[in-house]
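Written below as structure tokens is the structure these notes are about.
The values are calculated or read from the model by the stated rules, or taken from the named source; none is laboratory data. Nothing here was measured: the structure is a model prediction, and the numbers come from that model. Virtual Cβ from ideal backbone geometry, glycine too; neighbours counted across all protein chains shown. Surface accessibility is based on the protein's heavy atoms, side chains included, excluding ligands, DNA and RNA. Shrake-Rupley method; radii C 1.70, N 1.55, O 1.52, S 1.80 Å.
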Amino acid sequence: MAKKSPKRLGDVLVDEGVVTEEEIEEALRKRDRGEKIGEALIRFGYCSDSQIVDALSDSLGIKRVNLGMIFVDDHVLKLLDEDFVTKAKIMPVNISGRRLVIATNDPLDFPTIENVRLKTGMNVETVLATQNDIETAIARYYGFTKTLKSLGIEVDKEKKEDEKFYEEMVKEPEQDASDSPIIQLVNQILLTAVKSEASDIHIDPTDIEFKIRYRIDGVLTTERLLPKVVLPKLISRIKVMSHMDITDTRNPQDGRIKTVLEGRPVDLRISTLPTVRGEKCVMRVLDLTRDSKGIDRLGMTQTEQRRFMRLIKRPNGIVLVSGPTGSGKTTSLYACLDQLNSPEDNLITVEDPVEIELEGINQVNVNPDINFTFANALRSILRQDPDTIMIGEIRDVDTAQISVKAALTGHLVLSTIHTNSAVKTIGRLIDMGIDPFLVASSLSGVVAQRLVRRVCKVCAKSEEPTENEKEIFKKHNVEIPTVKRAVGCSSCNNKGYRGRTAVFEILDVNDQIAKMISNNEKEYLILEQARKDGTRLLVEAGLDKIKDGVTTVEEILKLGLD
């Protein structure tokens, strides 16, 4: 019996209805010397990169991955050099035993796969990724390595002995300033953060080196360890970009960088802090292309969304979003502004600083250096005929009092406050010096929230809950037959989680609760009434996320909710 020839890429694309046989023949006839058929089909517009990958995934049953969400270790990169992966258009992903996983957009390119096997001496497994993702990953990982080498830094960790070793290796660049390795290093750090969807970049000095860490989905992970001799140059470059004083290394400084990385506008908030081991730098990353607008994208249930919309659609009153730092309060406020923004209304914000510039909204930066505080800004804003006012944070009695005044004179006021639950916000306002009857008259509602990680849809597995978990569920009168467990795979960088969502506790201050506040009733009595009126606790909202398979029990327990 004659041996069956292996299926070719063109055959798969025809079988899947992506292209016709005539288009395949035309592309074969017109393609450049050495050009792969897939590249030719894309160049001539017969199909897209993503269509090819989807067709191969469906036909061959090969998993598709997002390389932007995967971190590749240095020991994996060393198996294949940059010239080879660039020419072959593949990306090594990870090693499992004697198996090397590579990402490709053509798993039927058997000569390339065989070359990888011969070069590495390992068995080769393929996963699918678009050509654009592969090229971006090559630039990110191999570019980082090349940048470090141009700084004279050996990436092999076994050669790290002491700072003197690195001082001998670091050399001043001879090329133009725009090609400086330090500039390339900063750009590489920022690009990696954006590709990884990191919210913060931490540059932390230690005794003989410094760490580059990224906060992804609320968790800090170390990306690189670099020699400390590079740190002063790196911090100086960041200070220059953010218009700080590069000669001042003894005082904390704040700055801002607006830049474009691979066509994506990015806004960074920079903070430096002198420590005993050197200057520490934290950069908060705002990827302005990230589609996070709209209340429907906050992760609320339909019931929660209806309650929330009722609060912000009222013509006056204060609506507060509460929670600790990093709980997504500002994101919720911007979603409200996006919902309320219309040509018929005058919306003004007072922020410290303005995080995202919104079209059609008047946004004001406070400046404590000239005594332009939240309170002083609010006094001026009230003379600007506003309909809706957004205040970055109520942090003192003056701001709270003017907010109450604005709400009582017919304005809708949106703001944030640091409290642990919705009901505790009432006590916080009273503790700040606001009379209970004024709180009752002005407060429309409070939204308490927390962020939890989403369990990875690719690798999560369902299990029966443990006895301890069943006790937790029983305490809150919830039945959850199975729960999701985080496992870890290449799609989630072996974390078991990918992305975040929020859990909410929404308090609607109706007439009954307003009367209780005015009478200075105990907090637990107000909470009992709120629950009768439909308020669900944060922990109950979290249990719903577990029941729906969105997150895990561990994530909800980490919040420390009762």
Got a number for the accessible area of residue 459? Probe 1.4 Å, square angstrom, nearest 10. 20
Just from its helices, what would the mean residue ellipticity at 222 nm be for the chain, if runs of 4 or more DSSP H residues each count -39500 (n - 2.57) and the sum is divided by every residue, rounded to the nearest 500 deg cm²/dmol? -11000 deg cm²/dmol
J(HN,Hα) series, the stretch 87-103, from Karplus relation 6.51 cos²θ - 1.76 cosθ + 1.60, nearest Hz, glycine and proline x: 6, 7, 6, 10, 9, x, 10, 7, 10, 10, x, 9, 10, 9, 9, 10, 9
Mind pulling the per residue volume of the convex hull built on the Cα atoms of the stretch 377-507? Å³ is fine. 166
Pairing rule first: another cysteine's C-beta must sit under 4.7 Å. Under that rule, which cysteines of the chain stay single? 47, 281, 336
Give me, ordered by chain and number, the residues 5 or more places off residue 100 or on other chains with an amide H under 5 Å from its own placed amide H. 123, 124, 125
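Listed highest first by mean packing, meaning other Cβ atoms within 10 Å per residue, what order do 498-511, 345-358 come in?
Ranking, from highest mean packing down: 498-511, 345-358.
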Label-to-label distance, nm, for residues given as residue 57 and residue 405 (7 Å Cα→Cβ offset): 5.7
Can you list the aspartates and glutamates whose alpha carbon is less than 13 Å from that of residue 475, not counting same-chain residues fewer than 8 positions off? 467, 540, 562
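Over the stretch 477-516, give the accessible area per residue in Å² for a 1.4 Å probe, as an integer.
Accessible surface, normalised per residue, equals 44 Å².
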Report, to the nearest whole %, how much of the accessible area of the chain belongs to carbon and sulfur atoms, 1.4 Å probe, protein only. 46
Let's test the formula: R0 of 60 Å, r as the Cβ-Cβ distance of residue 362 and residue 461. What FRET efficiency results, to the nearest 0.05? 0.75
Using the structure shown, select from 470/545; 313/424; 195/258 the pairs with a Cα to Cα distance greater than 21 angstrom. 313/424
Under unit Cβ charges (Lys, Arg +1; Asp, Glu -1), what dipole magnitude, rounded to 20 debye, does the stretch 409-496 have relative to its Cα centre? 460
Which far-off residues, 5 or more places away or on another chain, put their amide H under 5 Å from the one on residue 210, with H placed in the peptide plane? 226, 228
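Can you classify the chain as rounded, prolate or oblate using the Cα gyration tensor, where a ≥ b ≥ c are the square roots of its eigenvalues, rounded means a/c under 1.5, and otherwise it's prolate if a/b beats b/c and oblate if not?
It comes out prolate by the Cα gyration axes.
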What percent antiparallel are the DSSP beta bridges of the chain, to the nearest 5? 65
Can you tell me which of 27-34, 411-418, 553-560 comes out highest on packing, and rank the rest after it, using the mean Cβ neighbours within 10 Å? 411-418, 553-560, 27-34
